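Every number here is computed from the coordinates shown, using simple stated rules; none is lab data. None of these values were measured; they are calculated from a predicted model. Please note: Cβ atoms are built from the backbone with ideal geometry, for glycine as well, and neighbour counts cover all protein chains shown.
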Amino acid sequence: DAGVIQSPRHEVTEMGQEVTLRCKPISGHDYLFWYRQTMMRGLELLIYFNNNVPIDDSGMPEDRFSAKMPNASFSTLKIQPSEPRDSAVYFCASSSGDMGGQPQHFGDGTRLSIL
Amino acid sequence: KQEVTQIPAALSVPEGENLVLNCSFTDSAIYNLQWFRQDPGKGLTSLLLIQSSQREQTSGRLNASLDKSSGRSTLYIAASQPGDSATYLCAVNTGFQKLVFGTGTRLLVSP
């Protein structure tokens, strides 16, 4: 079974540009998570969805960040406009079941560099 | 606010040693605790998940314990191998699938 698939694996872009990160969760999983990892702050939950509906976006740093899940097999995280401090590794994860009884499965991440 | 701390931040051991990684959390109201492994340039791989009602979980050479009342968990690795070299992260589930991660322990096992 394929794991969580993220694209692109690496993204380098200039400040002010729009960045779109993509994620395909594991088939059958009804939870999808977006995380950001930096040296300074570690791993932080940005937003998560249940059955394609955003449940908690309290971790989204600013209005420049937005996330969508138009269907059960696809999600995007968008940054517009991007800034150098957005440089980080962004992970998508998925899981099944309520209350976190099942482990979360992570993709390999997108390494984002904003120049 | 839940805070998760891992000690030590880095650990270097020779192959074959048994070792213990520590994780502590400030709020005992958790649903479960997970241990993950992260290899350089890769995502996280779930190793063990301990429900709040459980005391320990075992998988092969790995054993994780949970003492919810004292806010502590340990990951025991038996007979370490060079392939165990990675960063190990613990994460507590504060409810409704929200994970709070520790800062990680970077493990190096030398041949």
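In loop segments of the range A:3-76 as defined by DSSP, the trypsin sites (Lys or Arg not before Pro) with at most 16 further C-beta atoms inside 10 Å of their C-beta are A:Arg9, A:Arg41, A:Arg64.
Using C-alpha pairs under 8 Å with a sequence gap of at least 6, the mean separation divided by the residue count of chain A gives a relative contact order of 37 percent.
Evaluated at q = 0.19 Å⁻¹, a Debye calculation over the C-alpha positions of chain B (equal weights, vacuum) places log10 I(q)/I(0) at -0.92.
Under the classification rounded if a/c is under 1.5, otherwise prolate if a/b is larger than b/c and oblate if not, where does the protein assembly as shown fall, given a ≥ b ≥ c as square roots of the Cα gyration tensor eigenvalues? In terms of gyration-tensor shape, prolate. What is the sum of charges around B:Ala79, taking Lys and Arg as +1, Asp and Glu as -1, for the other residues whose C-beta is under 10 Å from the C-beta of B:Ala79? So the environment of B:Ala79 carries a net charge of -2. Within a straight-line Cα-Cα reach of under 28 Å, B:Lys42 can be paired with the following lysines, leaving aside sequence neighbours fewer than 8 residues apart in one chain: A:Lys24, A:Lys68, A:Lys78, B:Lys98. Taking chain B as a Gaussian network of alpha-carbon nodes connected by springs under 10 Å, the highest mean-square fluctuation of the residues B:Gln54, B:Gln97, B:Gln34 belongs to B:Gln97. Ordering B:Gln38, A:Trp34, A:Asn51 by the projection of their Cα atoms onto the charge dipole of the protein assembly as shown, which places +1 on the Cβ of Lys and Arg and -1 on the Cβ of Asp and Glu, puts B:Gln38 at the extreme positive end.
To the nearest µm²/s, what D does Stokes-Einstein give for chain A at 4 °C and 1.567 mPa s, using the Kirkwood radius over alpha carbon pairs as Rh? The estimated diffusion coefficient comes to 92 µm²/s.
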